[in-house]
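Reading through the structure tokens given below for one structure.
The values are calculated or read from the model by the stated rules, or taken from the named source; none is laboratory data. Only a predicted model underlies this, so the values are computations on that prediction, with no experimental measurement involved. FYI the Cβ positions are ideal-geometry reconstructions off the backbone, even for glycines, and counts take in every protein chain you see. Side chains are part of the model used for accessible areas, which takes the heavy atoms of the whole protein and leaves out ligands, DNA and RNA. Shrake-Rupley method; radii C 1.70, N 1.55, O 1.52, S 1.80 Å.
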Amino acid sequence: MEKRTFMQIEKELRNEREIRKQLEKKLAQAEHANQAKSVFLSNVSHDIRTPMNAIIGFTTLASTHIEDTTRVLEYHKKIMSSSNHLLSLINDVLDMSRIESGKMILEEEECNLQEIINGLTDIIQPQIAAKKQKFYIDIINVRHDKICCDKLRLNQIFLNLFSNAIKFTGEGGTISFSIAELQKKKEGYAFYEFRVADTGIGMSKEFQKHIFEAFERERSADNIQGTGLGMAITKSIIDMMAGKIYVASTQGEGTEFIVNLNIRLQDEDDKKEEKTKIEEEQIMEEGSEKTIKGEAFLGKRVLLVEDNELNREIAKELLSDAGFYVEEAEDGSVAVEKVKRSNEGYYDLILMDVQMPVMNGYEATKAIRGLSQKHSKIPIIAMTANAFKADENEAIKSGMDAYISKPIVVKELLKMLDVILRSS
């Protein structure tokens, strides 16, 4: 009897020790998460304030020296550069949020690997030139370039890697990019190895263990801007693509990232004719020249639906400069009434914000589509700060013809409007 009681006590003690061990582990994880959050908030606060300070400062200087065109243009360039940096920080935070919530979805499409590589090099060349760095690219035994993948996310992987390489490599340093097609691992797929190497500052062995963790930054790089999210996002996207990423680095000598991806090849039987694609691109390119000059939109009437007065003012100026005649509506219900009272063909298109009081953009679009035949086919484009893929899907589902996210890139918006107007 005593032996049994002793065994029971021993078992209870073991259970208690196990429970205590689990609780201590959870407590350590919670403390680490809180510490990471604190570091992240500190980094983000600093990194957002830095470009914001530049934007506010140079805007103030531009106002003070408004008569000095050369100086104002220089301030304008710096404001644009800081704005783009601020936008990239916001995008990183949004991407990490989507990944952690499981809302990031890969969208496969037919694309050309050579075109993707050309596009990447076009984007990074100005940054490399600005730091007088040397850039080398090497394509090894690539037999297949017609692939199916999420082009946006593939670009994001390598732009993150290039951005780090350029950022952490001094003036006159070297950046290299190599692409090799290795032995096929799966029928219908090609196995690629991508390498991005630099002769930059490198990283410590200790940091290499944590480089793919969110919010981590090398202490020696504290004076370099960034949220510490780029590599975590890169790793997550590569994981979603069932790929692998490796890093090799030596402090003071440089870093190399190796990315292995098994990418599906295009099905030749289901593929669209290449000639058709080329013709479509030529049509868009021809139209874009007229678009930039404002010739394509002269006499076209657009209904701008936007509740924010400042956003309305900016959009109206941009559209007017492009040749549009612009009418405004401060919410969806006003837009519906304006369309209902208009004659057939009065509005050539509608630019519709989504989040608005009284009636949002989705509701307004459905209401317009429910009007008489003469009004129901007006092209409606969502122009919104809601930047997730789910928002784009919701816009199309509600009856909108296209979607563009804020902040608006004017050239992209005008190209989109040009294509929509010529096809309507």
Does segment 65-88 include one or more residues that are in contact (Cβ under 8 Å) with a residue 24 or more places away in the chain and within 25 Å of Asn393 (Cβ to Cβ)? yes
Flag for Met203 being crowded, with 18+ Cβ neighbours inside 10 Å, assigned to a loop (DSSP other than H, G, I, E, B) and either under 27 Å from the mean Cα position of the chain (by Cα) or modelled with pLDDT under 85 (or both): yes
All positions within segment 113-156 that are closer than 18 Å to Leu261 by Cβ, touching a strand residue (DSSP E or B) at 6+ places or on another chain (Cβ under 7 Å) and open to solvent by less than 30 Å² (accessible area, probe 1.4 Å): Leu113, Ile117, Ile147, Cys148, Cys149
Test each condition in (1) more than 19 Å from Phe297 (Cα to Cα); (2) touching a strand residue (DSSP E or B) at 6+ places or on another chain (Cβ under 8 Å); (3) in a loop (DSSP other than H, G, I, E, B) for Ile378 and report the one that comes out false. (1)
Only one of these is open to solvent by less than 30 Å² (accessible area, probe 1.4 Å), β-branched (Val, Ile, Thr) and either out of contact with any Gly (no Cβ under 8 Å at 6 or more places or on another chain) or not in a loop (DSSP other than H, G, I, E, B) (or both): Ile368, Ile408, Ile396. Name it. Ile368
If we scan segment 412-422, do we find a residue that is in a loop (DSSP other than H, G, I, E, B) and in contact with a helix residue (DSSP H, G or I) (Cβ under 9 Å, 6 or more places away or on another chain)? no
Out of Leu89, Leu61, sole residue that is in a helix (DSSP H, G or I), surrounded by 14 or more Cβ atoms within 10 Å (Cβ to Cβ) and at pLDDT 80 or above: Leu61
Considering only segment 64-86, state which residues are in a helix (DSSP H, G or I), more than 28 Å from Asn160 (Cβ to Cβ) and open to solvent by 60 Å² or more (accessible area, probe 1.4 Å). Thr64, Thr69, Thr70, Arg71, Leu73, Glu74
State all residues of segment 299-310 that are open to solvent by 70 Å² or more (accessible area, probe 1.4 Å) and within 26 Å of the chain's Cα centre (by Cα); if no residue qualifies, say none. Leu310
On the given criteria, is Gly332 open to solvent by less than 10 Å² (accessible area, probe 1.4 Å) and not hydrophobic (A, V, I, L, M, F, W, C)? yes
Scan segment 222-259 residue by residue and report those that are open to solvent by 10 Å² or more (accessible area, probe 1.4 Å) and modelled with pLDDT under 65. Asp222, Asn223, Ile224, Gln225, Gly226, Gly228
Looking only at residues that are part of a loop (DSSP other than H, G, I, E, B) and over 30 Å from Gly252 (Cα atoms) in segment 167-197, which one is least open to solvent (accessible area, probe 1.4 Å)? Gly188
Within segment 311-328, residues modelled with pLDDT of 85 or more, closer than 24 Å to Gln355 by Cβ, crowded, with 17+ Cβ neighbours inside 10 Å and not hydrophobic (A, V, I, L, M, F, W, C) come out as Arg312, Lys316, Glu327, Glu328
Quick check on segment 36-45. Is at least one of its residues modelled with pLDDT of 85 or more and of a type in the set (A, V, I, L, M)? no
Matching entry among Leu161, Leu106 (being surrounded by 18 or more Cβ atoms within 10 Å (Cβ to Cβ) and hydrophobic (A, V, I, L, M, F, W, C)): Leu161
